[in-house]
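Here's the structure, in structure tokens; my notes come after.
What follows draws every value from the coordinates through simple rules; no lab data is involved. This one's a predicted model, so the numbers in the text were calculated from it and none came from an experiment. Quick reminder, even Gly has a Cβ in these numbers, built from the backbone with ideal geometry, and neighbours come from all protein chains shown.
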Amino acid sequence: MPKMMRAVQVSKPNGAFELVERELPEPASGQIRIKVEACGVCHSDAFVKAGAFPGLTLPRIPGHEIAGRVDKVGADVTEWQKGDRVGVGWHGGHCFVCNACRKGLFINCEREKITGFSYDGGYAEYTVVPHEAGVHLPEKLESVEVAPLLCAGITTYNSLRNSGARPGDTVAVQGIGGLGHLAIQFAARMGFRTIAISRGADKAELVRQLGAHEYIDTQKVPAAEALQKLGGADLVLATAPNSEAIASTIDGLKPRGKLLIVAAPFDPLKVSAFTLLSGKTIAGWPSGSAIDSEETVAFSVLTGVRPRIEVFKLEQAGQALAKMIENRVRFRAVLTP
Ligand SMILES: [Zn+2]
Ligand SMILES: [Zn+2]
């Protein structure tokens with residue numbers, strides 16, 4: 001067994017991703033160690049790089065779309081064995097005793113741990129996580145293709161299935177990046193009339209391949225106007241963190257329609273309260289816990305949903321994140337150690 005491992009860490013705010021040798025972490029009681037096979041790069045990893053997130057301390061190894069195998073099991077862990085396929089997403093553990101946990105709302109735990117923020121994540125050869133953060137994975141999917149389902153996937157799948165939208169309803173997906181390209185696939189396969197909203201004529205063919213029934217190119221027509229021409233949306237799922245683009249969809253909702261936000265822009269959302277008086281709502285959704293990830297993966301296997309990925313080596317983490325932020329990755333960057 002090696003005593004050291006390769007990892008990519010951030011050691012100062014706005015510093016580079018540094019490739020370092022770190023001591024191999026040991027799983028304490030209630031923890032499992034994972035040999036990482038793949039880790040997706042998420043927009044929110046930029047918060048780690050910036051050193052700006054509540055409770056974040058540096059140095060930190062980012063990464064919360066982890067797929068691999070259980071390598072070592074700590075004391076008092078009953079549901080995991082060495083060799084099990086395992087994943088970890090954004091939800092990195094919970095306390096079991098706060099009021100949210102007592103209601104089963106683990107993602108709202110008052111002491112929720114976030115993988116790659118509260119503790120070191122998956123930009124490494126190994127990582128150690130609390131047992132309850134582990135996601136059981138099927139053998140069927142490659143690690144590089146299952147990893148993005150554990151943040152981008154669960155966030156869109158779980159928000160859609162809890163949105164209140166029903167089969168046949170019109171669901172518009174704003175943005176077609178890492179989250180959006182999965183949201184389109186999920187929405188179409190859940191039986192929604194699916195509209196993709198983005199910029200540029202070049203995306204029309206692509207969104208149809210993903211399953212969208214309609215495409216709105218906001219370079220040609222404002223989103224709300226185009227949505228109303230199509231009869232209005234029961235639900236808009238906002239997946240691209242751009243407050244102006246998100247707000248521009250609200251007048252495209254039907255009365256009683258809902259704008260559901262799963263990717264947060266820094267800028268506040270500017271909304272006319274008048275438009276809400278027809279019964280429209282604006283809401284957000286947190287991703288989900290391990291069982292939600294397992295159900296996301298199961299639905300993906302059942303219906304053929306797959307992320308489109310570009311694979312990078314661990315040491316290329318900086319390049320992968322920069323390329324994603326500049327929107328040049330189609331659609332999810334995944335690191336392999
Ligand atoms: Zn994420
Ligand atoms: Zn709790």
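Things to note:
- Springs between Cα atoms under 10 Å define the GNM used for the chain, and in it the highest mean-square fluctuation of 235, 149, 277 occurs at 277.
- Two-site label geometry, residue 220 and residue 310: point separation in nm, points 7 Å out along Cα→Cβ: 2.6
- Calculated P(r) of the chain - Cα pairs past 24 Å, %: 54
- Ascending count of other beta-carbon atoms within 10 Å, so fewest first, for 291, 261: 291, 261
- Straight-distance crosslink candidates among lysines, where the alpha carbon sits under 19 Å from residue 82 and sequence neighbours closer than 8 are dropped: 3, 35, 72, 140
- The fewest-to-most ranking of 146, 305 by surrounding Cβ atoms within 10 Å reads 305, 146.
- Between region 239-282 and region 191-217, the alpha-carbon center distance in angstrom: 20
- Listed by chain and number, the lysines whose alpha-carbon sits under 26 Å from that of residue 203, ignoring those within fewer than 8 places in the same chain, are 220, 229, 254, 258, 323.
- Given charges at Cβ of Lys, Arg, Asp, Glu: region 238-331 dipole, positive-most of 272, 284, 241: 272
- The base-10 log of I(q)/I(0) for region 31-116, evaluated at q = 0.16, 0.24, 0.26 Å⁻¹, reads -0.76, -1.20, -1.21 [Debye formula, identical scatterers on Cα atoms, solvent excluded].
- Exposure proxy order (Cβ contacts within 10 Å, fewest to most) of 181, 136: 136, 181
- Model label sites at residue 11 and residue 95, defined 7 Å from Cα along the beta-carbon direction, differ in position by 3.3 nm.
- Shape metrics for region 154-284, restricted to C-alpha atoms - Rg then Dmax, Å: 13.0, 37
- Against the empirical curve 2.2 N^0.38 Å, the C-alpha radius of gyration of region 242-311 lands at a ratio of 1.46.
- Built amide H within the under 5 Å cut-off of residue 333, gap 5+: 41, 310
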